[in-house]
Amino acid sequence: MEKKLLRPGQRVLVAVSGGADSVALAHALHRLRRRLDLRLVLAHLHHGIRGRAADADAAFVRRLARRLGLPLIAERADVHALARAAGVSLEMAARQARYEFLLRAARQTGADAVAVAHTADDQAETVLLRLARGAGPQGLGGMEAVSRRAGLTILRPLLGVRHADLVAFLKQNRLRWCEDASNRDMHFLRNRVRHELLPLIEKRLNPRIRDALLRTADVLRAEQAWLDELAAAALADCVGAARSPDAARRATVAEHPALAVRKLAALPLAARRRVVRLWLSGGGLAPERLDFDAVEAVLALLHHARGTQAAELGGGWRAVRRYRELVLESAPTPAAGWRLDIRPYRGILRERPTQPGRLPARATLSARAVGAAPLTVRAWRPGDRIRPLGMPGSKKLQDIFTDAKVPRDRRAAVPVVVCRGEIVWLPGYRVARGWAVPRANSPSLLVTVERRPARA
């Protein structure tokens, strides 16, 4: 257990699937809670994948929470539907759903951090998977003991502990856990690495391959930390050189800082790649989108000297070269006809809901929840959902439109305000749970959406 990761007085959300690793983590943190004055909350997401077995896991976690005397937040997701809608693998959809759930749960409970049960075995598998996918030094450094994702602080206290040691701990203390049959399903790539590839390498090439992978990751993480410091300074230079008279206007609409093309192009190739990666990450691009192809697509824009050129990055993002600057923005939609204005505010603006999509519309969002992430406006898409403030669960926007009698031919022109991939406000309706201003005197953002005047 990495005690140095935990600070006295922290409120920690503990992700518990019901498996051995996460159950061991919950028990270990529960034993440390008084010594470190930790306030713990358990969190469990039912992925809707394994039927009754998953129902049993959820019931087990509920019993565990009662036994430990800890509060529990639990939700259910339809990962099959999410995977189909996003066109990604079931593994990726489950991972994305899990982190989105943890982010919501952390906001709901006011947690300072989320603890997850990744182990040394998970680390070795991750490094090997990334090597097979052609990852660079950043990817081969594996997972960090402390990381940030979409404004969420993630702790991995068990990253130096082997799975076998955790099972031994549970057995020694006569503690129960659930066996997940999907961990043996060879349709999942990670299971093939765990049960086929690593044992084969241990047998035929290096019996200590896991130690070798962990050692490589440790070395590369230390080197990456140093190189990222250098890249951060170079990024600051590229941003500073791009400042123009309209910088204040861009900041008003929460656009990510631009990069000076000439300054970026003058850097060595390795530095250019690292600076672009930091820039995209800071702009809110999801980690799974930060691959070699995305970075190279942005760098290719340096060779276009005339006019405006764009590189589509997926996930609703694109990088655009406008003459001497590179900017990161949401992909074009009918939102080109809307103007989004964000201003510092304090407290809560209370305006009665009118009708979804009726403009102009104003609302306040929690400044702490938004943080440094950009707010963007886009058109409603089929399948969109929001977690309306004051209501349980989530609701399809299509159902909201039906209830509010929004004509079908007007729905495509309804704007939504998005932050970190989540709909945080449906103008004319409500803000989302977890993004509302908590108290009357809390720092907030006054957000206005209105139509742009038609050009003459």
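The values are calculated or read from the model by the stated rules, or taken from the named source; none is laboratory data. The structure displayed is predicted, hence computed values, not measured ones. Note that each Cβ is placed from the backbone with ideal geometry, even for glycine, and that neighbours are counted across all protein chains shown.
A145 versus (1) in contact with a Lys or Arg (Cβ under 8 Å, 6 or more places away or on another chain); (2) more than 20 Å from A106 (Cα to Cα): which is the lone unmet condition?
Looking at each condition in turn, A145 falls short on (2).
For V167, only one of the following conditions fails: (1) among the β-branched types (V, I, T); (2) within 29 Å of A294 (Cα to Cα); (3) assigned by TED's automatic domain parsing to the domain that holds A106. What is its number?
V167 satisfies every listed condition except (2).
Please go through (1) at pLDDT 90 or above; (2) surrounded by fewer than 22 Cβ atoms within 10 Å (Cβ to Cβ) for E450 and return the number of the only condition it doesn't satisfy.
(1)
Where residues in the stretch 376-404 are in contact (Cβ under 8 Å) with a residue 24 or more places away in the chain and among the charged types (D, E, K, R), which of them is farthest from R76 (Cα to Cα)?
Among those residues, the one meeting the criterion is R378.
Among the residues in the stretch 359-382, are any buried (at least 19 other Cβ atoms within 10 Å of the Cβ) and among the charged types (D, E, K, R)?
Yes.
Report whether or not I400 is over 20 Å from the mean Cα position of the chain (by Cα) and closer than 30 Å to L278 by Cβ.
In short, no.
Look at R98 and say whether it is assigned by TED's automatic domain parsing to the domain that holds V23, over 17 Å from A24 (Cα atoms) and touching a residue at least 12 places away in the same chain (Cβ under 8 Å).
Taking the combined requirement at face value, the residue satisfies it.
Being surrounded by 20 or more Cβ atoms within 10 Å (Cβ to Cβ) and either in contact with a strand residue (DSSP E or B) (Cβ under 9 Å, 6 or more places away or on another chain) or not assigned by TED's automatic domain parsing to the domain that holds R176 (or both) narrows it down to one of L64, L82, L70, so name that one.
Exactly one residue qualifies, and that residue is L64.
Scan the stretch 38-48 and give yes if some residue there is among the aliphatic types (A, V, I, L, M), more than 25 Å from the chain's Cα centre (by Cα) and outside any strand (DSSP E or B), otherwise no.
No, because not a single residue in the stretch 38-48 is among the aliphatic types (A, V, I, L, M), more than 25 Å from the chain's Cα centre (by Cα) and outside any strand (DSSP E or B).
Among A105, A94, A111, which is crowded, with 17+ Cβ neighbours inside 10 Å, in contact with a helix residue (DSSP H, G or I) (Cβ under 8 Å, 6 or more places away or on another chain), over 25 Å from L198 (Cβ atoms) and not charged (D, E, K, R)?
After applying the criteria, what remains is A111.
Contact list please: Cβ distance under 6 Å, first residue in the stretch 44-56 and assigned by TED's automatic domain parsing to the domain that holds I73 and more than 18 Å from A15 (Cα to Cα), second residue of a type in the set (S, T, Y) and modelled with pLDDT under 90, pairs at least six apart or on different chains.
Note: pairs meeting the criteria are R50/S182.
Got a number for residues in the stretch 343-369 being among the β-branched types (V, I, T) and more than 27 Å from the chain's Cα centre (by Cα)?
1
Is the stretch 377-388 home to any residue that is assigned by TED's automatic domain parsing to the domain that holds P353, at pLDDT 90 or above, closer than 21 Å to V447 by Cβ and not basic (K, R)?
Taking the stretch 377-388 as the starting set, the residues that turn out to be assigned by TED's automatic domain parsing to the domain that holds P353 are 377-388.
Filter again for at pLDDT 90 or above, leaving 385-388.
Now drop any that are not closer than 21 Å to V447 by Cβ, which leaves 385-388.
Applying the additional criterion that residues be not basic (K, R) yields 386, 388.
Yes, the stretch 377-388 contains a residue that is assigned by TED's automatic domain parsing to the domain that holds P353, at pLDDT 90 or above, closer than 21 Å to V447 by Cβ and not basic (K, R).
Under 7 Å by Cβ, and 6 or more places apart or on different chains, what pairs join a residue from the stretch 293-314 that is farther than 21 Å from S281 by Cα and modelled with pLDDT under 80 with one that is in a strand (DSSP E or B) and not β-branched (V, I, T)?
Listed pairs, sorted by first residue: H304/R321; T308/R321; T308/R322.
With the structure loaded, tell me whether A404 is surrounded by fewer than 18 Cβ atoms within 10 Å (Cβ to Cβ), modelled with pLDDT under 90 and farther than 12 Å from P356 by Cβ or whether it fails that test.
Criteria not met by A404.
V414 passes all but one of (1) touching a residue at least 24 places away in the same chain (Cβ under 8 Å); (2) surrounded by 15 or more Cβ atoms within 10 Å (Cβ to Cβ); (3) within 30 Å of A111 (Cβ to Cβ); which number fails?
(3)
Out of the residues in the stretch 261-285 that are in contact with a Phe, Trp or Tyr (Cβ under 9 Å, 6 or more places away or on another chain) and assigned to a loop (DSSP other than H, G, I, E, B), state the one that is surrounded by the most Cβ atoms within 10 Å (Cβ to Cβ).
G284
What single numbered condition from (1) touching a helix residue (DSSP H, G or I) at 6+ places or on another chain (Cβ under 9 Å); (2) modelled with pLDDT under 95 fails to hold for H44?
(2)
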